[in-house]
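Worksheet for the structure shown next.
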Amino acid sequence: MLRDQGVVATFFLIGENAVRYPQLARRIHREGHALGNHGWTHKRLDQISRTEVQNEILKGAQAIRRATGVRPRILRPPYGAVDRRLAGPTGLAAQLDQRIVMWSVETRDWSTRSALQVAAGTVRRVEPGAVVLLHDGGGNREHVVTATRWMVGHLARKGYRFVTVPELLAMAQRQ
């Protein structure tokens with residue numbers, strides 16, 4: 001659907017899934033999407049030891065690199081769970097050359113199966129520079145695909161352009 005609409009996105013991959021579905025990870029990259037790290041197993045990084053956090057980040061990044069040839073440099077911590085060990089210029093993420101990326105619009109697509117509810121709630125909150133959080137795991141996600149199709153069409157008609165997170169970060173740096 002993204003390819004058909006000429007839209008690029010950023011996929012934050014769980015390392016285990018990159019190992020389990022390497023052909024899908026390669027396809028995501030081949031179709032022009034950016035790849036980010038979402039950890040090895042989707043553990044809350046604020047609830048595990050420093051060594052476990054480091055392993056989650058490193059194993060996730062290594063799995064993505066092995067599957068795609070791309071070394072991810074952006075990290076979205078599972079659940080958005082960040083603590084002082086992870087964040088900041090001297091935090092573990094920075095030490096591991098991973099830039100933490102969060103979102104500005106939470107679709108809550110995991111809490112409803114209504115495409116209309118996801119789409120309507122999201123487009124109301126989008127503004128220039130928004131990072132929209134969508135999920136592809138957790139069972140049937142057809143409502144997310146449908147909602148995304150509607151959102152892309154609606155936002156494109158309003159003049160929005162779709163870029164990857166690395167492109168958005170580069171644009172912000174130039175300003």
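The values are calculated or read from the model by the stated rules, or taken from the named source; none is laboratory data. Predicted model only: the values in this text are computed from it and were never measured. Note: ideal-geometry Cβ built from the backbone for every residue, glycine included; neighbour counts use all protein chains shown.
Quick one: would you say Tyr79 is among the hydroxyl-bearing types (Ser, Thr, Tyr) and closer than 18 Å to His42 by Cα?
When the stated conditions are applied, Tyr79 passes them.
Show the residue pairs that are 6+ apart or on different chains and have beta-carbon atoms under 8 Å apart, the first residue being within segment 3-29 and in contact (Cβ under 8 Å) with a residue 24 or more places away in the chain, the second being basic (Lys, Arg).
Gln5/Arg149; Phe12/Arg76; Gly15/Lys59; Ala18/Arg66; Val19/Arg66; Pro22/Arg66
Right, Val105: out of contact with any Phe, Trp or Tyr (no Cβ under 7 Å at 6 or more places or on another chain), closer than 21 Å to Val165 by Cα and surrounded by 15 or more Cβ atoms within 10 Å (Cβ to Cβ) or not?
Answer is yes for this residue.
Please return the ranges of helices (runs of 4 or more DSSP H) entirely within segment 59-175 where 1 or more residues are not assigned by TED's automatic domain parsing to the domain that holds Ile48.
Filter on segment 59-175 gives 115-125, 142-157, 165-174.
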